[in-house]
Amino acid sequence: MNGPILSNRLFSRLFGRTATSGDYRTIAALAAVTLLNAVLVGSRLFASTFPPNDSKHWLLRARYYAGLQMPASELPGQFATHPVSILLLALVLVVVGAPILAAKLWTLGAYLGATAAVYVTARELFSRRVALASYVAVSFGQYLYFDLISWGGIPNLVAVGLLTLAVGALARARRTEARRDRVAFGVVVALGLFAHPPSSPVFVATLGCAGLGLAVATRDRGVLTRTFADVAIPSTVFLLYVASLWDIFVTYTESTGGHSIAVIWQMLLRNPPMFLAFAVAVAGLPVLFLRATLEDEATRPTDESPAMRRLGPLAVGGLSFGWFVGGIVLAGVVTVLPSVRTELARITYYLAAPMVVVFAVYVDTLARLFVQRTAGTEWELRLPGVSSTGAAVAVLLCLVVTPAFAASLSFYDDARSYYAIDDQESVSEVVRWVDGQQPFEGRVAGPFAVVPWVKALTGQDGLTPTPASGSYRPEEAAEREAFLALERVRTEGATPENLAAAEAVVDEYDVRYLVAPNNWRASRYGSLGARVYETEALVVVDFAAPPERPAPPAADAPAADRAATTSDREADGEAIDWEELRATVRASGETSRESTDTDGDDETAENES
């Protein structure tokens, strides 16, 4: 059976040519890696009550695009911070209807898409063997993508996948110079810019260095001119868009994710096998330019990539070199310019794709050299249905990917545990309870680990101490101080001053419910309202309900009133006689001392005996 199968244009675009029966092994390998990848990540996603923690922010924005109920205090502008990524989540939300399920599917889809993009671009640049090796390495041999999905940096992950595709689209556009390919390149760049606007400098640096490397290798200055023309329109639209929302985007430049190139090495060193792969890729950079001289007819790939056939090995090497060093160049520039403030930690994520591709090229080149030296000897590798070079690549890849996979998976599990919210079941029960009370007027106040989920999953307005690094609205600083006024009743006590400040916050921000830890301190809110719902870890106080106990008298109240309130205070619905409690404690202490003295006498007598 030698006729073409799956001879559609989509397959041709993805794999460089129409599929034939000889490609079944490639399809099977891709399917197996993808399935295993989906099981490894999906099983962990769906085993958790909630999706990755930062999904609460993305779900809130997705509600806006999906036309669902929104908190009244939120500004529409902030929902445009990651439009492409959030629109994808909103689409999934509209289809499945359940926000938590939508966020989990969106996370899994972004991860699988980012890894698949590595194969597509690697296949455009190199042989099928290199592309497969790259796909295996990026799926199982690195932890950077696992790092993103552990805390919920999905817009960043979507942008990583689109930048990877943009490099392949650049190679295709310069290879064919066809209008549709040039337009496709511009569209992919635009999608990437709007997927995660804070990463736009990485796009500029990476594609600029890739285009420069291609231009130098081909000695064609027109490469840069045509590349700039391809992205001029989407880049202009993007800059105007960012300028219109600059007061929101500027918060990213004040983040605390590291402003020195050293943060890249620190992130790579967290996973030693990953750092080893990075070191191998750096050492293998010259191979990008020298591999053509190392080939002979016996080991030359029979399925050379379209870019390799049309542009030549030197041009592909120059483009790949620029792809690899682009982010590092940007980090170096930012490090030496003290006036520039940006989070360099995110650059590391964009190094994962070029790193594994260059690593795969290096491994493939070593494997071919090994086959040349061992052909016809007892050292020649032979596997059923696999060429000697393919077998050598598989062995070398396993030597690095296996320990890297074990370390990456362990890191992923640890990171998931670190970023997971505490008391997930209690938070879920509170969210369901609040949803069951709707519609109601007013806000839900509570900790930052709870209220954002209430807003994202129910659309009800909230009041919470949003960290300064995660703030988008000018009012959030005042809201943070307002919540702290409520919190002082619980942490410092229900003093007249604290209660007066809390009542002012309840009135000003129209707070209906307060979520607090379920311990004895929660009873201090009894002067403001009544507990209406409890879980193992959380309690909900309704400020619209009659207070559980009267408020303490003010400092200038009559002494008799203050004494009565002090000696007989309700807590958890029961009266406490403080004088009786003091007497009980005093009697208990005396009994304990007597018992201690008796024990000491017995011990002395025993020692004397």
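Tabulated data
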{"read-out": "Contacts under 6 angstrom Cβ, first residue in region 351-375 being under 20 Å from Leu144 (Cα atoms) and in the same structural domain as Tyr145 (by the TED database), partner modelled with pLDDT of 80 or more and among the aromatic types (Phe, Trp, Tyr), 6 or more apart", "value": "Pro354/Trp323; Pro354/Phe324; Met355/Phe278; Val358/Phe324"}
{"read-out": "Hits in region 502-525 - residues which are open to solvent by 50 Å² or more (accessible area, probe 1.4 Å) and within 15 Å of Arg488 (Cβ to Cβ)", "value": "Glu503, Ala504, Arg521"}
{"read-out": "Test for Ser85: is it of a type in the set (S, T, N, Q), within 30 Å of Ala277 (Cβ to Cβ) and either open to solvent by less than 30 Å² (accessible area, probe 1.4 Å) or not in a helix (DSSP H, G or I) (or both)", "value": "yes"}
{"read-out": "Residue within region 455-473 that is surrounded by fewer than 21 Cβ atoms within 10 Å (Cβ to Cβ), among the aliphatic types (A, V, I, L, M) and within 28 Å of Asp54 (Cβ to Cβ) present", "value": "yes"}
{"read-out": "Number of positions in region 269-281 that are touching a residue at least 60 places away in the same chain (Cβ under 8 Å), of a type in the set (A, V, I, L, M) and open to solvent by 20 Å² or more (accessible area, probe 1.4 Å)", "value": "2"}
{"read-out": "Where Ile421 falls short, out of the listed (1) modelled with pLDDT under 75; (2) open to solvent by less than 60 Å² (accessible area, probe 1.4 Å); (3) not in a helix (DSSP H, G or I)", "value": "(1)"}
{"read-out": "Some residue of region 26-34 being outside the structural domain of Pro452 (by the TED database), at pLDDT 90 or above, surrounded by fewer than 16 Cβ atoms within 10 Å (Cβ to Cβ) and assigned to a helix (DSSP H, G or I)", "value": "yes"}
{"read-out": "Residue in region 114-137 that is modelled with pLDDT of 90 or more, charged (D, E, K, R) and open to solvent by less than 40 Å² (accessible area, probe 1.4 Å) present", "value": "yes"}
{"read-out": "Hey, Ala103 at pLDDT 95 or above, closer than 30 Å to Thr389 by Cβ and in the same structural domain as Ala169 (by the TED database) or not", "value": "no"}
{"read-out": "The one condition in (1) within 30 Å of Tyr418 (Cα to Cα); (2) modelled with pLDDT under 95; (3) of a type in the set (S, T, N, Q) that Thr176 fails to fulfil", "value": "(1)"}
{"read-out": "Candidates Leu191, Leu170, Leu148 - the one that is crowded, with 24+ Cβ neighbours inside 10 Å, within 24 Å of the chain's Cα centre (by Cα) and either within 29 Å of Ala90 (Cβ to Cβ) or in contact (Cβ under 8 Å) with a residue 12 or more places away in the chain (or both)", "value": "Leu148"}
{"read-out": "Answer residue from region 208-225, given it is open to solvent by 20 Å² or more (accessible area, probe 1.4 Å) and within 24 Å of Val334 (Cα to Cα) and is modelled with the lowest pLDDT among those", "value": "Leu224"}
{"read-out": "Odd one out for Pro201 among (1) more than 30 Å from Ala62 (Cβ to Cβ); (2) modelled with pLDDT under 95", "value": "(1)"}
{"read-out": "Matching option when the condition is at positive phi and in contact (Cβ under 8 Å) with a residue 24 or more places away in the chain, among Gly462, Gly442", "value": "Gly442"}
{"read-out": "Close pairs from region 495-520: first under 15 Å from Ala445 (Cα atoms) and touching a residue at least 60 places away in the same chain (Cβ under 8 Å), partner in a helix (DSSP H, G or I) and of a type outside the set (A, V, I, L, M), Cβ under 7 Å, at least 6 apart", "value": "Leu514/Tyr525; Ala516/Arg490; Ala516/Tyr525"}
{"read-out": "From the options Ala72, Ala103, residue that is part of a helix (DSSP H, G or I), small (Gly, Ala, Ser) and touching a residue at least 12 places away in the same chain (Cβ under 8 Å)", "value": "Ala103"}
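The values are calculated or read from the model by the stated rules, or taken from the named source; none is laboratory data. None of the values given here were measured: they were computed from a predicted structure. FYI the Cβ positions are ideal-geometry reconstructions off the backbone, even for glycines, and counts take in every protein chain you see. Note: accessible area is taken over every heavy atom of the protein model, side chains too, but ligands, DNA and RNA are not part of it. Shrake-Rupley method; radii C 1.70, N 1.55, O 1.52, S 1.80 Å.
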